[in-house]
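Participant: Quick one: structure below, then a few questions.
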Amino acid sequence: MSDDGPKREAANAAVERYVVSGMVVGLGTGSTATFAVRRIGELVASGELRDVRGVPTSAKTTALANELGIPLATLSEARPRFTVDGADEISPELALVKGRGGALLREKIVASSSQEGLIVVADSSKLVGSLGAGPLPVEIDSFGWETTLEALASLGCEPELRMDWTDPGRPFVTDGGHYTADCAFEKIADPASLEVEIKHIPGALECGLFVGLARAAVVAGESGTDVIEAN
């Protein structure tokens, strides 16, 4: 099995379990979500899924869905039943860290608009005992970003402005024209409270803590694929 094998297995299992004909589905962004979008495209092309529309969470996902022939909708036209998306960290309570792929604001808007929540797809390496194993992304306004980073640091983290992967001399810019701060916390003991604190900071538009949004996580590893339902 390749390194991407578990991601593909989780994505395929989630699509086949939760996505049905006639559904509007949120289409996530990132390496694992890409496998889910591709599987939906395969089922649409074969006729196994009919009258499915996707609400994409990024320009990259929009382009992929168009390439695969998945009909698209906006949130003003229809609300998704589910959103299928990946995660960077998954706690035992299904609180998530997302956004290391650079689309957290739009991912959260679409997930929050979904009638039955977020279906998370991941390999087992994303399961953590508590959140904070890696940096927490925060999408921030480019205006006054230095003061926003100072305010984030006051919450007990070490924030760093994300630079563009293809041009390290320039800040990474999201589809919405924003910057991203990657905030290293030793441990995130109370994700819900931290989410509120971050969003009280002027200039912090949204953070990568997804609390209470996940309906289920479909996780694949060496022992197979498991579905973890929210309590």
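Participant: Nearest 5 is fine: what % of DSSP beta bridges in the chain come out antiparallel, could you say?
Facilitator: Roughly 55 percent of the DSSP beta bridges within the chain come out antiparallel.
Participant: Under the classification rounded if a/c is under 1.5, otherwise prolate if a/b is larger than b/c and oblate if not, where does segment 1-75 fall, given a ≥ b ≥ c as square roots of the Cα gyration tensor eigenvalues?
Facilitator: oblate
Participant: Another question about this same structure. Read phi for every residue in segment 67-83 and hand back ³J(HN,Hα) as whole Hz from Karplus 6.51 cos²θ - 1.76 cosθ + 1.60, θ = phi - 60°, with x for Gly and Pro.
Facilitator: 3J(HN,Hα) across segment 67-83, in whole Hz: 4, 8, x, 8, x, 10, 9, 9, 5, 6, 9, 6, 9, x, 6, 10, 10.
Participant: What whole number of Å gives the distance from the Cα centroid of segment 40-64 to the Cα centroid of segment 178-221?
Facilitator: So the two Cα centres are separated by 27 Å.
Participant: What residues qualify as long-range amide H neighbours of LEU205, i.e. H under 5 Å apart, gap of 5 or more or another chain, H built at 1.01 Å from N?
Facilitator: For LEU205, the qualifying residues are GLU139, ILE140, ASP141.
Participant: Here is a further query. When only Cα pairs under 8 Å and 6 or more residues apart are kept, what is the percent relative contact order across the chain?
Facilitator: About 22 percent, as a whole number.
Participant: Can you run phi through the Karplus equation (6.51, -1.76, 1.60; θ = phi - 60°) for segment 152-159 and list ³J(HN,Hα) in whole Hz, with x for Gly and Pro?
Facilitator: Values per residue, Gly and Pro as x: 5, 4, 5, 8, x, 10, 10, x Hz.
Participant: If you don't mind, another one. What are the residues whose amide H is under 5 Å from the amide H of GLY86, where those residues sit 5 or more places off or on another chain and H is modelled from the backbone?
Facilitator: Placed amide hydrogens put THR29, ALA33, VAL121 under 5 Å from GLY86.
Participant: Moving to a separate point now. Within the chain, how many Lys pairs sit with Cα atoms under 23 Å apart, leaving out pairs fewer than 8 places apart on the same chain?
Facilitator: Number of lysine pairs found: 16.
Participant: Give me, ordered by chain and number, the residues 5 or more places off MET23 or on other chains with an amide H under 5 Å from its own placed amide H.
Facilitator: The answer is ARG53.
Participant: Another question about this same structure. Pulled fully out, how much extra length does the chain show between GLU67 and ARG170, if you take 0.36 nm times their separation in residues and subtract their Cα-Cα distance?
Facilitator: So the extension gain works out to 34.1 nm.
Participant: So for segment 136-207, averaging the separation of alpha carbon pairs under 8 Å that are six or more residues apart and normalising by length, what relative contact order in percent results? Mind dumping the intermediate values first?
Facilitator: Working: 110 pairs, mean separation 32.6, N = 72.
Once divided by the residue count of segment 136-207, the mean separation gives 45 percent.
Participant: Also: On C-alpha positions alone, give me the angle between the axis of helix 5-18 and the longest principal axis of the chain, in degrees, nearest 10.
Facilitator: The answer is roughly 60 degrees.
Participant: Using a 4.7 Å Cβ cut-off, which Cys residues in the chain lack a partner cysteine?
Facilitator: By the Cβ distance rule, which asks for a partner under 4.7 Å, the isolated cysteines are CYS207.
Participant: Rank the residues CYS183, CYS157 as a footprinting-exposure proxy: fewest other Cβ atoms within 10 Å of their Cβ go first.
Facilitator: Exposure proxy ranking, most exposed first: CYS157, CYS183.
Participant: Using 0.36 nm per residue of separation minus the Cα-Cα distance, give me the extension gain between PHE143 and ALA189 in nm, one decimal.
Facilitator: So the chain would gain 13.5 nm between PHE143 and ALA189.
Participant: For segment 113-123, in order, what is each residue's ³J(HN,Hα) by Karplus, 6.51 cos²θ - 1.76 cosθ + 1.60 with θ = phi - 60°, in whole Hz (x at glycine and Pro)?
Facilitator: 7, 6, 4, 10, x, 10, 9, 8, 10, 6, 8
Participant: Based on other C-beta atoms within 10 Å, arrange VAL24, VAL120, VAL55 from fewest to most.
Facilitator: With the fewest neighbours first, VAL24, VAL120, VAL55 line up as VAL24, VAL55, VAL120.
Participant: Ignoring everything except DSSP H segments at least 4 long, calculate the 222 nm mean residue ellipticity for the chain; use -39,500 (n - 2.57) per segment, divide by total residues, nearest 500.
Facilitator: Helices in the chain give a 222 nm mean residue ellipticity of -9000 deg cm²/dmol.
Participant: Using alpha carbons only, how many angstrom separate the centre of segment 82-118 from the centre of segment 121-159?
Facilitator: When both Cα centres are located, 15 Å separates them.
Participant: Now for a different question. Cut-off is 10 Å between beta-carbons; in what order do LYS108, LYS98, LYS187 appear when sorted fewest neighbours first?
Facilitator: Values: LYS108 23, LYS98 28, LYS187 10.
Result, fewest neighbours first: LYS187, LYS108, LYS98.
Read-outs throughout are calculated quantities, based only on the coordinates presented, and are distinct from any laboratory measurement. Keep in mind it's a predicted model, so treat the numbers as computed, not measured. Virtual Cβ from ideal backbone geometry, glycine too; neighbours counted across all protein chains shown.
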